[in-house]
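Beneath this line is the structure, given in structure tokens, with notes to follow.
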Amino acid sequence: APAAYGLYFSAYEVASRKTESELAAGLCAEACANPCYIPYDVVKQRYMVGRARGGVVTATRLILRRDGPRGLYRGFLLTFATYGPFSAIYFWSYDLFTRRMGQYPLINGTLAGAVAGVATQ
């Protein structure tokens with residue numbers, strides 16, 4: 001998961017500079033990071049519902065044997081459809097609050113999270 005977060009924020013920074021749109025940058029961040037962390041979530045969920053046994057490598061092999069590589073990406077489109085708009089609205093809101101209220105990361109982040117949550121739920 002740490003690699004996915006690094007990819008997420010790197011993609012956001014690059015897209016933010018290239019597009020000058022926080023909405024597009026947030027969406028791009030999700031599009032780049034989702035392929036990296038979705039397999040991790042699939043394996044984790046299998047453990048949570050009791051469908052995985054043994055170590056992580058064993059569970060991953062079982063998914064690959066049963067469902068093929070597509071099995072590791074089960075729910076990809078739904079995850080992207082949920083988190084893509086959230087990230088886009090979050091970064092747009094964060095930028096808006098920072099420009100209007102100044103550099104208050106905790107307050108701006110909390111407000112941006114609230115706006116994105118309300119807008120996407």
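The values are calculated or read from the model by the stated rules, or taken from the named source; none is laboratory data. Here the structure is a predicted model, which means the values were calculated and not measured. Heads up, the Cβs are rebuilt from the backbone with ideal geometry, glycines too, and the neighbour counts pull from every protein chain shown. Keep in mind that these areas ignore ligands, DNA and RNA; they rest on the heavy atoms of the full protein, side chains included. Shrake-Rupley method; radii C 1.70, N 1.55, O 1.52, S 1.80 Å.
In region 66-77, is there at least one residue being in contact (Cβ under 8 Å) with a residue 40 or more places away in the chain and surrounded by 13 or more Cβ atoms within 10 Å (Cβ to Cβ)?
yes
Out of all the residues in region 50-65, which are more than 15 Å from TYR40 (Cβ to Cβ) and surrounded by 17 or more Cβ atoms within 10 Å (Cβ to Cβ)?
Correct list: LEU62 only.
May I ask you to list the residues in region 97-107 that are hydrophobic (A, V, I, L, M, F, W, C) and buried (at least 16 other Cβ atoms within 10 Å of the Cβ)? Working first, answer last.
Going through region 97-107, the residues hydrophobic (A, V, I, L, M, F, W, C) turn out to be 97, 101, 106-107.
PHE97 - this is the single residue of region 97-107 that is hydrophobic (A, V, I, L, M, F, W, C) and buried (at least 16 other Cβ atoms within 10 Å of the Cβ).
Given the condition under 15 Å from the mean Cα position of the chain (by Cα), closer than 17 Å to LEU72 by Cα and in contact (Cβ under 8 Å) with a residue 12 or more places away in the chain, answer yes or no: does some residue in region 8-24 qualify?
No, region 8-24 has no match at all.
Okay, residues lined up against (1) open to solvent by 40 Å² or more (accessible area, probe 1.4 Å); (2) closer than 30 Å to GLU22 by Cβ; (3) at pLDDT below 95; (4) aliphatic (A, V, I, L, M):
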residue	(1), (2), (3), (4)
CYS36	yes, yes, yes, no
PRO39	no, yes, yes, no
PHE80	yes, yes, yes, no
SER87	no, yes, no, no
ASP95	yes, yes, no, no
GLY109	no, yes, no, no
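Counting just the residues of region 78-89 that are free of Cβ contacts under 8 Å to residues at least 60 places away in the same chain and among the small types (Gly, Ala, Ser), which one comes out nearest to GLY26 (Cα to Cα)?
In this case the residue turns out to be GLY84.
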